[in-house]
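First comes the structure, then the notes that go with it.
Read-outs: derived from the displayed coordinates by stated rules, not from any lab. What you see is a predicted model; the values in this text were computed from it and never measured. Every residue, glycine among them, receives a Cβ derived from its backbone with ideal geometry; neighbour counts consider all protein chains shown.
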Amino acid sequence: MKTESRTLAFSAFMALLIGCAGITATLASNSQAILLDGLFNLIYFSVALVTIKVSKLASRPDSESYPFGYSYFESLVNLCKGLLILGVSIFALVDAVAALLTGGREISAGLAVIYALFATVACSFTAWVMHSSQRHVSSPLVAADKLNWLVNSIISAAVLAAFCLVMLFERLDWRVIVPYVDAILVMAVVLLCLGVPVRMASQALRELLNKTPDEAIAKPVRQAVARGLADIDTQEVRVRMVRPGRLLYIMVHVVLPKSLHNSTLAHQDTLRQLIDEEVRRIYSPVVCDVIFTEDDRWAAPSCGQLVKKHA
């Protein structure tokens, strides 16, 4: 997959396919673990339809209605994905605990194994497609989808292993254990993977709240700004940045000494170009606003990382 829209459309199709298969297999096997998997994929399919629309919006320039563009929609979608996965996981965990307290539940292990094998292969293949597409597509939406399918693959493989154990227990005539396997499996899978939706949602929430990106991104960007201004004397340089979705927005306040008060607009535009080029070597897409002033009160030291200051 070499385009974002095709990659996300494939992800949505696979979620619908596995979700429908999961609901059908649940009716035949009475497994809540399979029901969890089916519901998870059907919910993800509904969100995937919105994701495809948002991916098209994110590539558009700003407009009168959205003067800062549409990148925040990406963070909003990833937040919804994380919260939906978390909600389904908590529901499944509560249901599993209730099943354990009421004697467990009988399942048809043969049908469950067939579904789990299908789901493991399908999820693993989809995760591989998402990973391969990242060589051609740089998108937080595709990255979030890849993470989802990796988790889904682990869940399906765990379900497959557990149902194989159920068949083994039945052959060994350990039937006292069998009713509890499904509920224990659901609890183990949910507790194992709970951190993934929490991290996804918390990262998206930080982006929506305009938190500065992680130092892995912020530090190289500040260094790039410093390189762009290396040839001129400055009193102070402050850099502010946020990253909604895939777009990095940077605001740079450059306080010039009074000896440079005759600096022309053409000279300032040249410096802006240098800073923009240096930053784009580190990260893209980016919007870089550079403001020159002689009065440090416009640089507002209440926030903004101080890059350099000359006496």
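Quick notes
- Contact order normalised by residue count of the chain, Cα under 8 Å, 6+ apart, percent: 19
- Among 157, 299, 25, the largest mean-square fluctuation in a Gaussian network model of the chain, built with springs joining Cα atoms closer than 10 Å, belongs to 299.
- Cα-based Lys pair tally, the chain, threshold under 22 Å, eight or more apart or on separate chains: 15
- Kirkwood radius and radius of gyration were both taken over the C-alpha atoms of region 93-187, and their ratio Rg/Rh is 1.13.
- Kyte-Doolittle mean at least 0.5, axial Cα span of 24 Å or more - DSSP H helices of the chain: 4-29, 32-58, 71-101, 109-133, 140-171
- All-pairs alpha carbon distance profile, region 33-127, 10 Å steps from 0, percent: 13, 31, 29, 16, 8, 3, 0
- Distance between the 7 Å Cα→Cβ label points at residue 216 and residue 177: 4.0 nm.
- Computing Rg and the Kirkwood Rh from the Cα coordinates of region 215-308 gives a ratio, Rg/Rh, of 0.95.
- Of 239, 252, the sequence from fewest to most neighbouring Cβ atoms within 10 angstrom is 239, 252.
- Length gained on full extension, residue 202 to residue 83, computed as 0.36 nm times the residue gap minus the Cα-Cα distance: 41.9 nm.
- Computed from the C-beta positions of residue 188 and residue 136 and an R0 of 30 Å, the FRET efficiency is 0.25 to the nearest 0.05.
- Relative contact order of region 1-158: 32 percent, from C-alpha pairs under 8 Å at least 6 residues apart in sequence.
- Projected label distance in nm at residue 167 and residue 293, using a 7 Å step from Cα toward the beta-carbon: 7.1
- Relative contact order, percent, region 24-103 [alpha-carbon distance under 8 Å, six or more residues apart]: 30
- Sum of -39500 (n - 2.57) over DSSP H runs of 4+, divided by residues of the chain (222 nm, nearest 500): -22500 deg cm²/dmol
- Correct choice for semi-axes √(5λ) of the Cα gyration tensor in Å that was computed from the model, options (1) 66, 17, 16; (2) 53, 18, 15; (3) 52, 35, 15: (2)
- Given their separation in residues at 0.36 nm each and the Cα-Cα distance between them, residue 6 and residue 270 gain 91.1 nm when the chain is fully extended.
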